[in-house]
Every structure is written in structure tokens, then in C-alpha cells.
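The values are calculated or read from the model by the stated rules, or taken from the named source; none is laboratory data. Just so it is clear, the model here is predicted, and its values are computed rather than measured. In this analysis, Cβ positions are derived from the backbone assuming ideal geometry, glycine residues included, and neighbour counts consider all displayed protein chains. Side chains are part of the model used for accessible areas, which takes the heavy atoms of the whole protein and leaves out ligands, DNA and RNA. Shrake-Rupley method; radii C 1.70, N 1.55, O 1.52, S 1.80 Å.
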Amino acid sequence: MANTYKKVQLHIVFAVKNRQAILDNSWRAKVFAYISGILRERGHYPLAVNGYHDHIHILIEYNLNELIPDLVREIKKSSSKYIKDEKFTRHHFEWQLGYGIFSVGWKEVSTVINYIRNQEIHHQKRSFKNEYQSLLEKYKIDYKDEYVFKFFDE
């Protein structure tokens with residue numbers, strides 16, 4: 001539609017089922033590149049896709065033409081199939097149910113991009129559980145521990 005302007009950035013976070021640390025360094029960059037391709041094919045613009053052994057962060061410019069649950073479901077389904085088809089791991093691979101999604105203002109985009117790009121360094125000091133709960137609290141999202149990802153005892 002003419003004279004319709006938008007810019008919406010979303011930060012999406014989800015984990016490997018049971019937080020298994022199986023996103024191996026040797027192949028996870030390929031998975032992140034694959035996910036970037038999924039996003040572009042669906043009309044979204046990936047700003048940063050990265051993660052650590054047990055979870056992933058995605059920052060996108062969201063095009064508003066697709067429901068968020070449909071987008072996340074497709075990312076998980078397609079990337080899980082890609083991991084299985086490429087035989088990246090001998091372990092059963094599955095993403096955990098659920099996800100976190102956070103709006104990012106244009107002034108914070110570069111900060112969030114740097115945060116996502118530096119996941120390996122970041123997680124030398126902080127667990128994913130702590131990181132995820134901090135995001136929920138920062139964005140003032142009410143949550144119950146029993147509904148947040150099933151974390152193993154650390």
C-alpha cells in the first residue's frame with residue numbers, strides 16, 4: 001500500500017530440546033547460514049543469526065506479512081530437517097517447544113547484533129538459563145518457572 005512505512009526488528013531465542021549441547025562448532029555456522037536463507041526466502045531480513053551449543057539467537061527485520069508463530073515453526077522445522085539430512089550429529093536433534101521473542105528499537109539494533117555475534121564469549125561467563133531469564137525480566141514478561149524451558153540442573 002502506498003504511504004505505508006514500517007520497520008520492526010525482532011529478537012528470537014530458542015533452545016535445543018532438553019538443552020542438549022549438540023550444536024557443534026564444526027557445523028553450527030552452516031545451520032545459522034541456512035536459517036538466514038530461510039528468513040530471506042520468507043521476506044524477512046536477517047541482521048544476526050548465532051548461538052551457542054544449546055540455543056540460538058536471531059535478529060531480523062520482520063516484514064509483517066507472516067505470523068510470528070508460523071515463522072518460528074518454519075525456522076525450527078526446516079533447520080531441524082537440514083541438520084538431520086546433512087547428518088551433522090549422530091544424536092537425535094530437535095528444537096525445544098516454545099521460544100522467546102523480543103522487540104528491538106532501532107537505537108538498540110547494533111547493540112543486539114554485537115550481543116548475538118559474541119555468544120561464544122558471552123557464555124564463558126553466563127549460562128543460557130540466566131541469559132534467558134534476564135531477557136524475560138528486562139522485557140518485563142511475566143513467566144512461571146514450570147513453563148520456561150526445561151532446564152537441567154546446572
- Message: Please list, ordered by chain and number, the residues whose modelled amide H lies under 5 Å from the amide H of Leu47; skip anything fewer than 5 residues away on the same chain.
- Response: Leu59, Ile60, Glu61
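Run the helix sum for the chain: -39,500 (n - 2.57) per DSSP H stretch of 4+ residues, divided by residue count, reported at 222 nm to the nearest 500 deg cm²/dmol.
On the way: 5 runs with 56 residues, N = 154.
It comes out at -11000 deg cm²/dmol, rounded to the nearest 500.
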- Query: Using the Cβ atoms and a cut-off under 15 Å, what net charge is assigned to the surroundings of Ser78, where Lys and Arg are +1 and Asp and Glu are -1?
  - Reply: +1
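With +1 on each Lys and Arg Cβ and -1 on each Asp and Glu Cβ, and nothing else charged, work out how big the dipole of the chain is about its Cα centre, in Debye to the nearest 20. Don't skip to the answer; put the middle values down first.
Values: 24 positive and 19 negative charges, 49 e Å.
Rounded to the nearest 20 debye, it is 240 debye.
Cβ under 15 Å from Ser110's Cβ, Ser110 left aside: what net charge do those residues give with Lys, Arg +1 and Asp, Glu -1?
Value of the local net charge: +1.
Would you work out if the stretch 25-137 is rounded, prolate or oblate? Take a ≥ b ≥ c from the square roots of the eigenvalues of the alpha-carbon gyration tensor; rounded if a/c is under 1.5, else prolate when a/b is larger than b/c, oblate otherwise. Walk me through the numbers before you get to the answer.
Numbers: a/c = 1.57, a/b = 1.09, b/c = 1.44.
Verdict is oblate for the stretch 25-137.
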- Query: So, by mean Cβ neighbours within 10 angstrom, what's the order for 128-135, 91-98 with the highest one leading?
  - Reply: 128-135, 91-98
- Task: Determine the gain in length on full extension of the stretch Lys107-Lys7; use 0.36 nm per residue of separation and subtract their C-alpha separation, reporting nm with one decimal.
- Result: 34.8 nm
- Ignoring ligands, DNA and RNA, how do Tyr99, Tyr5 rank by accessible area with a 1.4 Å probe, largest first? Tyr5, Tyr99
- Which order do Arg73, Arg126 take by accessible area at a 1.4 Å probe, largest first? Arg73, Arg126
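Indicate the gyration tensor shape class of the stretch 63-124 (rounded, prolate or oblate), computed on the Cα atoms with a ≥ b ≥ c the square roots of the eigenvalues: a/c under 1.5 is rounded; otherwise a/b larger than b/c is prolate and the rest oblate. The partial results should precede the final answer.
Details: a/c = 2.59, a/b = 1.32, b/c = 1.96.
Judged from the Cα gyration tensor, the stretch 63-124 comes out oblate (a/c at least 1.5, b/c at or above a/b).
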